[in-house]
Every structure is written in C-alpha cells, then in structure tokens.
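**Q** So that we are looking at the same thing, I have put the structure below in structure tokens.
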Amino acid sequence: MLTNLLLLILDTVSGFFVFLLLIRFYMQWRRVSFRTPFGRFVIAVTDWLARPARRVIPGVAGLDLPSLAGALVLRSVYLAIAFWLADFSFGAHIGIAAPVILAIAVVELMRFSVYLLIGVVLVAAVLSWVNPRAPLAPLFDSLSRPFLRPFRRFIPPIANVDISPLILLLALQIALMLLAWLRAALVPLIA
C-alpha cells in the first residue's frame, strides 16, 4: 500500500515535469513565443533542469535538446525506482537493465508526446470552432499544424468542416497501441 502511494506520487511529480519539458521542447521547435503567460509558466517551472543541462548538452538545429534530455533522465530515474520498488532483481542483469530502462523511458517519452499531441489537437479543434481569436489559439494552432498538414493534403474539407483532426486522432490512438506493445515487450528483458 505504501509502495503504491509512493509510486503514485513519484509518477505524478515526474510526469508533470516530463510533460512540461516536452512542451518546452515542442514550443521551441515550432518557434512559439514564450512571452505568453503559459510560456512564462513553462520556462519558470522547467528552468531548474533545462538551464544546467544547457551547459553540458548543446541545442542542435534549433532543437532544445537539454529539455528533451532532462525529460529522458527524469523518466529513466522514475522507472529505475519503480522497478526497484516492484522487486525487480537487477542483480545478474545489471548490464542489460540500464539500456532497457533507457529504452523504456524513450518509449514512454514517445507515449507522453502522443498524449500531448492529442491534447493539443483537441484544444486547437475546439478553439477553432468556438473562439478562433482566443489568446491561446495561435499557440495550439502552431503546435498542431505540422502534424495535421499531411492529412490536410489528402483529406479535403467536407461541407467546410476539416476532419483531418479526427483522422490524426485515430492515427495517434494506433500509435499508442503500438507503443504499449513495445513497452510490454521490453519489460520482460529486465525481469
């Protein structure tokens, strides 16, 4: 009971920071302004990890790799603690445990990114219908546009309604299923 409670708290706290680090990565990738209240919040909450990481890991081609690396490290540490508390015996398999935990963390970052994109697409679609001039509408539109663009090329609007977000959401659900299968295939390697 106490172990489950500890894991819940650790998962929630690390997940919160991982999501914000991923948001910071994607906002910089899409060149979204951090001068909005939301952007300032993301910077304020993630600077404690991203700023020191910047001294060690340089950005490449405009990508905020320190934020991405910070998210990867946070998720890896959480997974190591979770597996250790779940009585996984790393003993004889310590040489393979670290790379497998890192691989699972990469899969989980991809899963977090898919969930993040699902949320962004849903909010962008709702804002486009309800209030396209909302202050956060350009942020969500800018984050979702590169993922919707390939679908918009092949799927024309039907009666002036863009259904490309629905198709993207279906593709993202399929991606989540594949990531869950991949994670399930990796876990036995350290058991």
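**Q** Please find, within the stretch 137-163, the residue that is farthest from Phe38 (Cα to Cα) out of those that are of a type in the set (S, T, N, Q) and at pLDDT below 90.
**A** The qualifying residue farthest from Phe38 (Cα to Cα) is Asn160.
**Q** Being surrounded by 15 or more Cβ atoms within 10 Å (Cβ to Cβ) and farther than 21 Å from Leu182 by Cα, is that true of even one residue in the stretch 91-100?
**A** No, the stretch 91-100 contains no residue that is surrounded by 15 or more Cβ atoms within 10 Å (Cβ to Cβ) and farther than 21 Å from Leu182 by Cα.
**Q** Scan the stretch 43-66 and give yes if some residue there is in contact with a Leu (Cβ under 7 Å, 6 or more places away or on another chain), within 25 Å of Ala171 (Cα to Cα) and either touching a residue at least 24 places away in the same chain (Cβ under 8 Å) or among the aliphatic types (A, V, I, L, M) (or both), otherwise no.
**A** Scanning the stretch 43-66, I find no residue that is in contact with a Leu (Cβ under 7 Å, 6 or more places away or on another chain), within 25 Å of Ala171 (Cα to Cα) and either touching a residue at least 24 places away in the same chain (Cβ under 8 Å) or among the aliphatic types (A, V, I, L, M) (or both), so the answer is no.
**Q** Within the stretch 71-86, does at least one residue satisfy the condition of being within 30 Å of Ala184 (Cα to Cα) and outside any helix (DSSP H, G or I)?
**A** yes
**Q** Residue check, Gly119 against (1) out of contact with any Gly (no Cβ under 9 Å at 6 or more places or on another chain); (2) in contact (Cβ under 8 Å) with a residue 12 or more places away in the chain; (3) part of a helix (DSSP H, G or I); (4) under 21 Å from Ser33 (Cβ atoms), all met but one. Which one?
**A** Tallying (1) out of contact with any Gly (no Cβ under 9 Å at 6 or more places or on another chain); (2) in contact (Cβ under 8 Å) with a residue 12 or more places away in the chain; (3) part of a helix (DSSP H, G or I); (4) under 21 Å from Ser33 (Cβ atoms), Gly119 fails exactly one: (2).
**Q** What pairs can you find where one residue is in the stretch 176-187 and surrounded by 14 or more Cβ atoms within 10 Å (Cβ to Cβ), the other is part of a helix (DSSP H, G or I) and among the hydroxyl-bearing types (Ser, Thr, Tyr), and their Cβ atoms are less than 8 Å apart, with a gap of 6+ or different chains?
**A** Leu176/Tyr115
**Q** Against the definition (farther than 14 Å from Leu109 by Cα and under 14 Å from the mean Cα position of the chain (by Cα)), how does Asp47 come out, yes or no?
**A** No: the conditions fail for Asp47.
**Q** Do you know which residues across the stretch 128-169 are without any contact (Cβ under 8 Å) to a residue 60 or more places away in the chain and among the polar types (S, T, N, Q)?
**A** Result: Ser128, Asn131, Ser144, Asn160, Ser164.
**Q** Assigned to a helix (DSSP H, G or I), buried (at least 17 other Cβ atoms within 10 Å of the Cβ) and in contact (Cβ under 8 Å) with a residue 60 or more places away in the chain: is that true of Ile104 in this structure?
**A** It is true that Ile104 is assigned to a helix (DSSP H, G or I), buried (at least 17 other Cβ atoms within 10 Å of the Cβ) and in contact (Cβ under 8 Å) with a residue 60 or more places away in the chain.
**Q** Separate question: Across the stretch 75-94, which residue is farthest from Glu108 (Cα to Cα) among those that are hydrophobic (A, V, I, L, M, F, W, C), touching a helix residue (DSSP H, G or I) at 6+ places or on another chain (Cβ under 7 Å) and modelled with pLDDT of 75 or more?
**A** Leu85
**Q** Continuing with this model, one more query. What's the number of the only condition in (1) in a helix (DSSP H, G or I); (2) surrounded by 18 or more Cβ atoms within 10 Å (Cβ to Cβ); (3) among the hydrophobic types (A, V, I, L, M, F, W, C) that Val32 fails to meet?
**A** All conditions pass for Val32, except number (1).
**Q** Does the stretch 11-43 hold any residues that are under 13 Å from the mean Cα position of the chain (by Cα) and small (Gly, Ala, Ser), and which are they?
**A** Ser14, Gly15
**Q** Right, another one. Report every pair of residues separated by at least 6 positions or lying on different chains whose Cβ atoms are under 9 Å apart, first residue within the stretch 1-25 and farther than 20 Å from Arg40 by Cβ, second exposed (fewer than 12 other Cβ atoms within 10 Å of the Cβ) and of a type in the set (Gly, Ala, Ser).
**A** Qualifying pairs under 9 Å: Thr3/Ala86; Leu7/Ala86.
**Q** When the residues of the stretch 11-29 are filtered to those that are of a type in the set (Val, Ile, Thr) and buried (at least 19 other Cβ atoms within 10 Å of the Cβ), which remaining residue is nearest to Pro135 (Cα to Cα)?
**A** Looking at residues that are of a type in the set (Val, Ile, Thr) and buried (at least 19 other Cβ atoms within 10 Å of the Cβ), I get Ile23.
The values are calculated or read from the model by the stated rules, or taken from the named source; none is laboratory data. Only a predicted model underlies this, so the values are computations on that prediction, with no experimental measurement involved. When we count neighbours, we look across all protein chains shown, and the Cβ atoms used for this are built from the backbone with ideal geometry, even at glycine.
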